[in-house]
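Data block below; observations after.
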Amino acid sequence: MIIKTLHIEGFGKFTQKTIDFSTGLNLIEGLNESGKSTIHAFIEAMLYGFIDPLKSRKTLLDKHQKYAPKNQTHYGGALIIAHQGKDYRITRNLKKGVKNPVEITLENTGETITDTLDIHPEHKLPDIGKWLDLPYLVYVNTLSVSQDELGLNANLENDLISRLQSLDATASLSLDTNRALKELEKQRNAIGTDHPSSKKPYKETLDQLARLSDERRRLIENHEARLHDKAVLEEKKEHLKEKEVTLQRLNTHLAQQENQRRRDRFKKIATLHETLMQNEKALNALADVKDFKTEDLEHYREAIFYLEQTTLQGERIETKKTQLNEKYRELMASLPQETPVSLDTLEADIKAYQKQQSIYHETTYESLKKQYETWKKKQAKYTRKLQRLATLKKLKKRYLITLFVIVYATLGKAFIDFKKKRLIAKYATLETAYQKQEA
């Protein structure tokens, strides 16, 4: 601790007095009754508050009344010190009955640290002596030496040495070295040593410390094991959360797929319904051929074959007619020029030939032509019936495909429901395992 500045608001003969100290040794000099002892007492009052350390209750020393200013409203001040590399301001109000007489703040920031100090068990105020590692009795018996206590005689040096050696608090303010040594020896014997056969408090404390060390090591190991288990559980928890997210995503995906399947299925059913309606209309249009028999088909095929044969026969007759005309012309060309040919005979022959040709044409060709036209009409009729039968077969095939699609869609939905139930069961198993591990 280094005292850097003191500010007296009201103390003894001083009012609103500030004194700054420089680094190193500082000397305050003055005439008698100039206030040197007052400044010395002010430093003690700012640090310890003139409280008697030997009383179990809060009792003020006589100095408190001695330095109280007369006709002044302020009794106290502030002390700026350097401690552990930081500057602190100790402000104390020495008036009686003040609720919070002491405040300690950081000089640079103004932050208060009063609440961080330990409370003195007797006077219930912040223990500045413990904070500075300088109890009051150590301070008054070593660092604080007044002129009245030392005297101006040849024993000054011995008295200073005796006070510097008396660093422990006792019931007297004037402890000597011999009594202190005897007291320390007595206390050492009472404490004992670390000998294995010793039953004194020191040996018992060492044994207890060893047991506590073992217990601490065991607790640390258990704590590390718990931390490891906690880390494993956290990892499993994160993994389970990922599984939950995945399951939710799968459920959403399944729901979307299910909705899409339902829409597709609805569209297919609507299309199939439309197709069925069209097929039904087509079936109604084919009502006149639904009783068509196989025997009629055979007769139809025979008629077609006979018509084709008749057509071929007509073509052969036409060919034969052309050949006869050619032979006739050749015959006419081969007749000698001098052979007289009667015109009447020739005309009679031509008429006879034309008559014969006309009769043949009327009896054969026209008859075949009429039969051909009749069978051609029957062919067109049976052709339409065959086309309707083919259409009926196609409609039957489409109807069977429609039934198959409907059955397949129904089985697909059942399979999806089964997979969804399996996923839900797996999620419930993982949740139960996680709860057991966490318990």
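For the reader, a short list of remarks on this structure follows.
- Restricting the range 13-36 to residues that are crowded, with 16+ Cβ neighbours inside 10 Å and modelled with pLDDT of 90 or more, the residue that is nearest to N71 (Cα to Cα): F14
- For the range 186-202, the set of residues classified as in contact with a Ser or Thr (Cβ under 7 Å, 6 or more places away or on another chain) and assigned to a helix (DSSP H, G or I) consists of Y202 only.
- Restricted to the range 25-135, the set of helices (runs of 4 or more DSSP H) holding at least 3 residues that are within 23 Å of S146 (Cβ to Cβ), among the hydrophobic types (A, V, I, L, M, F, W, C) and over 60 Å from the mean Cα position of the chain (by Cα) comprises 36-48.
- Considered as a group, the residues in the range 180-211 that are within 60 Å of the chain's Cα centre (by Cα) and among the aliphatic types (A, V, I, L, M) include one that is farthest from V138 (Cα to Cα), and that residue is A210.
- Taken together, the residues in the range 191-226 that are hydroxyl-bearing (S, T, Y) and touching a Gly at 6+ places or on another chain (Cβ under 8 Å) amount to 2.
So that you can scan it fast, the table gives a plain yes or no per residue for (1) within 20 Å of F14 (Cβ to Cβ); (2) of a type in the set (A, V, I, L, M); (3) buried (at least 17 other Cβ atoms within 10 Å of the Cβ):
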| residue | (1), (2), (3) |
| --- | --- |
| N71 | yes, no, no |
| H74 | yes, no, no |
| K86 | no, no, no |
| R89 | yes, no, yes |
| N93 | yes, no, yes |
| P101 | yes, no, no |
| T112 | no, no, no |
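The values are calculated or read from the model by the stated rules, or taken from the named source; none is laboratory data. All values derive from a computational prediction rather than experimental measurement. Virtual Cβ from ideal backbone geometry, glycine too; neighbours counted across all protein chains shown.
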